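Structure first, then comments.
The values are calculated or read from the model by the stated rules, or taken from the named source; none is laboratory data. Owing to the predicted nature of the structure, the values given are computational and were not obtained by experimental measurement. Every residue, glycine as well, gets a Cβ built from its backbone with ideal geometry; the counts of neighbours run over all protein chains shown. These accessible areas exclude ligands, DNA and RNA; they are computed on the full protein's heavy atoms, side chains included. Shrake-Rupley method; radii C 1.70, N 1.55, O 1.52, S 1.80 Å.
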Amino acid sequence: MVDKKGKVLLMNPAAEKLLDTKREDKINKSLLSDLKDGQMVSLSKDGKRGTKTVEYESTDNETIKTIKSSSAVVQDENGHTVGMVSVLTDMTKQKELDQMKTNFINTVTHEFRTPIVAMQKSIQVMLSGATGSMNEAQNKFLAIAKRNLERLNLLIDDLLNLSKLEENKITMDVKEYSVEDVIEDITETVGTWITSKSITINKEFEPNLPKQKMDPNRIAQVLNNLLSNAIKFTPEGGSLTVRTKSVVGGLVEISVADSGIGMSEEECVKVFDKFYQIGERTTTDITGTGLGLPIAKEIVELHGGKIWVESEKGKGSRFIFTLPAA
Amino acid sequence: MDTKISILMIDDEEDFTEPMAFWLRSKGHEVSTAPSGEAGVEAIKKTAPDIVFLDIFMPVMNGVETLKRIRQVNEDIPVIMLTSAVVENVQEAYSMEELNKLGVSGFFKKKDSFEELARLLEITLRLHKNIKRPESE
């Protein structure tokens with residue numbers, strides 16, 4: 001517990017141990033006052049109010065400690081701030097585990113690519129005709145092998161992508177941009193797919209919509225994932241609706257609605273989980289890795305937005321996300 | 001592409017270089033391979049090929065180190081970097097600035113098609129018009 005100037009008033013034994021210090025040395029002093037130069041590694045604030053993470057080098061064994069501190073302001077009866085009470089949690093072990101997980105995923109995915117690429121090149125050289133002509137059945141089965149290696153590659157890309165997003169290792173290039181431009185780009189990209197299924201796409205853009213703060217490439221990824229899903233689950237001859245509108249709180253709401261099979265309440269919750277797949281996969285479908293929506297969720301949340309789905313069995317689904325207006 | 005050229009492929013993965021070399025030879029090019037950066041530099045010292053394909057991720061001497069050594073013996077030879085990752089990851093691992101200073105003609109993602117490879121070769125050859133032709137031409 002500290003006073004309004006940040007000087008320590010109270011400290012329990014657990015806090016002493018965590019900060020490897022003595023209560024006597026800290027009382028009436030600022031909490032981080034006797035840290036030597038360079039001992040502090042980083043101090044970052046979480047999105048959540050009153051929570052921050054402190055990283056510093058421990059004095060006795062030169063290891064980096066990560067401590068999460070959740071704080072609440074203490075006010076007197078007149079509503080004046082008199083101090084602050086902080087609960088400290090040692091996150092060092094968890095941080096190490098997270099780092100190990102990331103390293104593991106990165107290593108494994110890179111190690112996967114080497115054998116995949118050797119198989120791909122061997123198949124490609126046969127399919128190119130360079131090794132001699134092949135009959136129809138040979139062509140067909142090599143094409144199946146090729147297609148499935150592409151699927152494996154997509155899965156690796158998505159896994160790497162998601163692990164980086166979860167670790168906040170993605171550098172975002174945020175600028176003022178119009179989501180409508182991104183929508184136009186993506187609908188053009190999926191144009192042939194839409195035409196092949198005779199799907200109509202309706203765009204209902206709010207006139208004079210303010211621009212949004214976003215990394216256009218990342219939001220393109222979100223819209224690509226949402227539209228791909230919508231197309232996948234819309235029957236031939238069906239329709240899609242992409243809508244934009246401004247909502248309270250300086251936000252812009254973007255929604256992608258399909259006329260597909262819809263989802264139950266339970267499915268609506270699970271749909272943002274990793275590897276969750278709805279319905280049966282067709283053999284030629286290489287687009288689904290089960291990671292599209294978790295990736296979309298991470299990206300939207302990195303922008304300070306929210307993503308959710310409204311759906312009813314048999315009535316289609318509507319995926320909605322928000323972005324801060326510029 | 002009608003130009004027949006000599007190519008050196010430096011990569012520790014033989015299972016990758018074999019089908020690559022087979023396809024390039026089927027297009028009439030002369031292809032030799034080197035399983036390490038060290039062996040690649042030695043090969044260039046003996047006979048300089050028209051184009052070098054160089055793997056970025058190799059044990060012992062990686063692609064960037066190898067390229068530095070190549071530039072010590074040959075400043076002009078066009079080099080195309082081979083990468084199994086997506087290009088953005090390469091940018092993360094090695095600064096593009098460093099690679100550009102060493103003179104890289106392009107990147108080939110190993111998973112990409114032979115059509116893409118042919119396109120990249122064509123562009124590189126156009127940019128290096130002074131490339132010598134093998135004597136058989």
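Among residues belonging to the stretch A:194-224 that are part of a helix (DSSP H, G or I) and small (G, A, S), point out the one that is most open to solvent (accessible area, probe 1.4 Å).
Filtering the stretch A:194-224 down to residues part of a helix (DSSP H, G or I) leaves A:194-196, A:216-224.
Filter once more, so that each one left must be small (G, A, S): A:196, A:220.
On the way: A:S196: 78, A:A220: 23 Å².
Ranking the candidates gives A:S196 first.
What about B:E42, is it surrounded by fewer than 20 Cβ atoms within 10 Å (Cβ to Cβ), away from chain A (no Cβ under 14 Å) and at pLDDT 95 or above? It would help to see each step written out before you state the result.
On the way: surrounded by fewer than 20 Cβ atoms within 10 Å (Cβ to Cβ): yes; away from chain A (no Cβ under 14 Å): yes; at pLDDT 95 or above: yes.
Answer is yes for this residue.
Pull up the stretch A:113-130, narrow it to residues that are of a type outside the set (A, V, I, L, M) and in contact with a Phe, Trp or Tyr (Cβ under 7 Å, 6 or more places away or on another chain), then point me to the one that is nearest to the other protein chains (Cβ to nearest Cβ). Can you show your working first?
First, the residues of the stretch A:113-130 that are of a type outside the set (A, V, I, L, M): A:113-115, A:120-122, A:124, A:128-129.
Checking the rest, the ones that are also in contact with a Phe, Trp or Tyr (Cβ under 7 Å, 6 or more places away or on another chain) come to A:121, A:124, A:128.
Numbers: A:K121: 4, A:Q124: 6, A:S128: 6 Å.
Only one residue tops the list, namely A:K121.
Going through the stretch A:121-145 one residue at a time, which ones are small (G, A, S) and outside any helix (DSSP H, G or I)? First the steps, then the outcome.
Here is the first cut: in the stretch A:121-145, the ones small (G, A, S) are A:122, A:128-130, A:132-133, A:137, A:143, A:145.
Once the filter is applied, which keeps residues that are small (G, A, S) and outside any helix (DSSP H, G or I), the stretch A:121-145 yields A:S128, A:G129, A:A130, A:G132, A:S133.
So, in the stretch A:66-88, of the ones that are touching a helix residue (DSSP H, G or I) at 6+ places or on another chain (Cβ under 9 Å) and polar (S, T, N, Q), which residue ends up farthest from A:D20 (Cα to Cα)?
Checked the stretch A:66-88; the qualifying residue farthest from A:D20 (Cα to Cα) is A:S86.
In this structure, does B:V31 turn out to be within 13 Å of chain A (Cβ to nearest Cβ), at pLDDT 90 or above, open to solvent by less than 60 Å² (accessible area, probe 1.4 Å) and closer than 23 Å to B:L125 by Cα? So that I can check it myself, show each step before the final result.
On the way: within 13 Å of chain A (Cβ to nearest Cβ): yes; at pLDDT 90 or above: yes; open to solvent by less than 60 Å² (accessible area, probe 1.4 Å): yes; closer than 23 Å to B:L125 by Cα: yes.
Criteria met by B:V31.
Assess whether A:L19 counts as being closer than 28 Å to A:N168 by Cβ, at pLDDT 75 or above and open to solvent by less than 90 Å² (accessible area, probe 1.4 Å). Outline the logic, then answer.
Numbers: closer than 28 Å to A:N168 by Cβ: yes; at pLDDT 75 or above: yes; open to solvent by less than 90 Å² (accessible area, probe 1.4 Å): yes.
Spelling it out, A:L19 is indeed closer than 28 Å to A:N168 by Cβ, at pLDDT 75 or above and open to solvent by less than 90 Å² (accessible area, probe 1.4 Å).
Restricting attention to the stretch A:225-238, report how many residues are in contact with a Gly (Cβ under 6 Å, 6 or more places away or on another chain) and open to solvent by less than 60 Å² (accessible area, probe 1.4 Å). Can you show your working first?
Of the residues in the stretch A:225-238, the ones in contact with a Gly (Cβ under 6 Å, 6 or more places away or on another chain) are A:225, A:233-234.
Of the ones still in play, those that are also open to solvent by less than 60 Å² (accessible area, probe 1.4 Å) are A:225, A:234.
Residues meeting the conditions: 2.
Quick one: how many residues across the stretch A:287-326 are surrounded by fewer than 17 Cβ atoms within 10 Å (Cβ to Cβ), modelled with pLDDT under 90 and within 22 Å of A:P235 (Cα to Cα)?
6
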